[in-house]
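Data first, discussion second: the structure below is written as structure tokens.
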Amino acid sequence: MDNYKIELDKSKNLIFIEVDGEIAAEMNIFFGDSDRIIIEHTLVSPKFNGKGLGKLMVAKAVEYARENGIKITPICEYAKSIFDKTPDYTDVYES
């Protein structure tokens, strides 16, 4: 998939992916305190299932956490499974 953009919008507690102007996926996040992001829920439009958008949003959260020296606690089962399968994310993962 070539024509997409991914953004983290702190004011809306959301990471989202837009494909050709359409919201294709959203991840609800919560800034619990100054040193933690909580991933609450991940939703991918059925039209975009299987394209790796959930993984892209988790990667965006990890990038943000690393840049800001904070941890991520995934409540969302999907996000938790990505953290459990990705050893590179252990530096920011806090269950």
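Details
- Residues that are small (Gly, Ala, Ser) and either under 11 Å from the mean Cα position of the chain (by Cα) or surrounded by 16 or more Cβ atoms within 10 Å (Cβ to Cβ) (or both), drawn from region 74-95: ALA79
- For THR42, the conditions (1) among the polar types (S, T, N, Q); (2) crowded, with 19+ Cβ neighbours inside 10 Å; (3) in a helix (DSSP H, G or I) are fulfilled apart from (3).
- Close pairs (6 angstrom Cβ cut-off, 6 or more residues apart or separate chains): more than 13 Å from ILE37 (Cα to Cα) and modelled with pLDDT of 95 or more in region 8-20, in a strand (DSSP E or B) and among the β-branched types (Val, Ile, Thr) anywhere: PHE16/ILE23; ILE17/ILE6
- Of the residues making up region 54-95, just one is within 15 Å of LEU14 (Cα to Cα) and acidic (Asp, Glu), namely GLU63.
- Residue check for LYS71: crowded, with 17+ Cβ neighbours inside 10 Å, charged (D, E, K, R) and touching a residue at least 24 places away in the same chain (Cβ under 8 Å): no
- Pairs with Cβ under 7 Å, 6+ apart, first in region 49-64 and β-branched (Val, Ile, Thr), second crowded, with 17+ Cβ neighbours inside 10 Å: VAL58/ALA79; VAL58/ILE82; VAL62/ILE72; VAL62/TYR89; VAL62/VAL92
The values are calculated or read from the model by the stated rules, or taken from the named source; none is laboratory data. Just so you know, these numbers come straight off a predicted model, no measurement behind them. Cβ: placed from backbone, ideal geometry, glycine included. Neighbour counts: every protein chain shown.
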